Structure formats: structure tokens, C-alpha cells
1. Only residues in the stretch 2-18 that are within 11 Å of Gln70 (Cβ to Cβ) and modelled with pLDDT under 95 count as the first member; pair them with residues that are of a type in the set (A, V, I, L, M, F, W, C) and open to solvent by 10 Å² or more (accessible area, probe 1.4 Å), Cβ under 6 angstrom, at least 6 apart or cross-chain, and list the lot.
2. Which one of Ile106, Ile71 is open to solvent by less than 60 Å² (accessible area, probe 1.4 Å), closer than 23 Å to Asp145 by Cα and either touching a residue at least 60 places away in the same chain (Cβ under 8 Å) or in contact with a Pro (Cβ under 6 Å, 6 or more places away or on another chain) (or both)?
3. Output yes when any residue across the stretch 34-46 is at pLDDT below 95, open to solvent by 40 Å² or more (accessible area, probe 1.4 Å) and in a loop (DSSP other than H, G, I, E, B), and no when none is.
4. Looking only at residues that are touching a Lys or Arg at 6+ places or on another chain (Cβ under 9 Å) and surrounded by 13 or more Cβ atoms within 10 Å (Cβ to Cβ) in the stretch 47-62, which one is modelled with the lowest pLDDT?
5. How many residues does the stretch 162-181 hold that are more than 19 Å from Gln28 (Cβ to Cβ) and within 18 Å of the chain's Cα centre (by Cα)?
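The values are calculated or read from the model by the stated rules, or taken from the named source; none is laboratory data. From a predicted model like this one, the values you see are computed outputs, not experimental measurements. Because the Cβ atoms are built from the backbone with ideal geometry, glycine has one as well, and the counts that use them run over all protein chains shown. Accessible surface areas use protein heavy atoms only, side chains included; no ligands, DNA or RNA. Shrake-Rupley method; radii C 1.70, N 1.55, O 1.52, S 1.80 Å.
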Amino acid sequence: MSKRAVLVVDLQNEYFPSGKLPLVGIDQAVANAARVIDGARAQGDPVIHIRHEFTTPGVPFFVPGTEGVQIHPAVAPLDGEQVVVKNYPNSFLKTDLKPMLDAQGIEEVVVIGAMSHMCIDATSRAASDFGYKTTVVHDACATMDLEFGGQKVPAAQVHAALMAALAFAYATITTTDDYLA
């Protein structure tokens, strides 16, 4: 039994052009994520899908029961693959993800998905803090332009800064091609 699992974080319809929070580079990220998922399935590594829903009234996106919260068809779970529904950026917070991983003897997690600066960051740091060897396949992740102090920060810079921070102390950062090699 594999001691590695792939965590597919929030690759949901809301992040695509038809959704309410379209991300820069989401199509390429999902194409790469599908390759990582296919590789995991071929190796017998568990693939765990994580889906965000907001339970706060009035939040206009990730509303339970809408098309936006559905996992994108390109990376949809197969029968038998586990799906975790979360309400916070950290996929471990108030979910059964950690007990699920521990019950399977998982020691290493590979994180892919969205958004780099939110749920990928929070989930990767938590995984590392829990003692899992953590890898982020950065080109299987996507984010958006942000603004701080009146200055626009392009998505590529947001992503690069986040990956650099994770690489400093929390995770191995790699590409899809290198990971699959």
C-alpha cells in the first residue's frame, strides 16, 4: 500500500471563466493536475479530492448546491475516491482529512489545486506541521491577481512568492514533468 496521497484542492467550477472567481492559468493548471492524478492512479496512490463550500450566509461564491462548487470534470473523482468538503482555506481544519490520511498510513502528501495564495498555502503548511512530507506541484496550481496597498500584484508574482515561501521551510516545490519523471 502506498504511503503517498495526492490532495486535489478546490479544482472547482467557480475558478473557471464561467465561475465567479476565474483564476489566471487555471486551464493549464487543471491539465497538469489531471496528469498528476493519472500518475497517482497508475501508481496506486490514493487521490483525495477536497471541495470548498462557504456556509456563511451572503457569500456569493462557493455556495452549497450550486454548479460553482462542483469539482471540474477534467479532475472529477472516480468511484471510490474520497471527497472532503471543507469550509476554511486549511483542508485539515474541522474536516476528517487527517484521520483519513492516518488510517491509510499516509506519510507523504502531494498538493495540487487552487488558489496558490490561499488553500494551497494553508493546506501545505498544515500538512507539513502535522509531519507529512509535503510536495507541491506548482504548475498544477493556479491563483489570481491581488492588490495590496493600492498596488496590483500579478498572479505570476503572487504564485512565485508563495511557492518561494513554501519551499523555504514547508514543502518541496516541483513541476508536473519532474514529479512524473
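1. Pairs found: none.
2. The conditions single out Ile71.
3. no
4. Selected residue: Phe61.
5. 7
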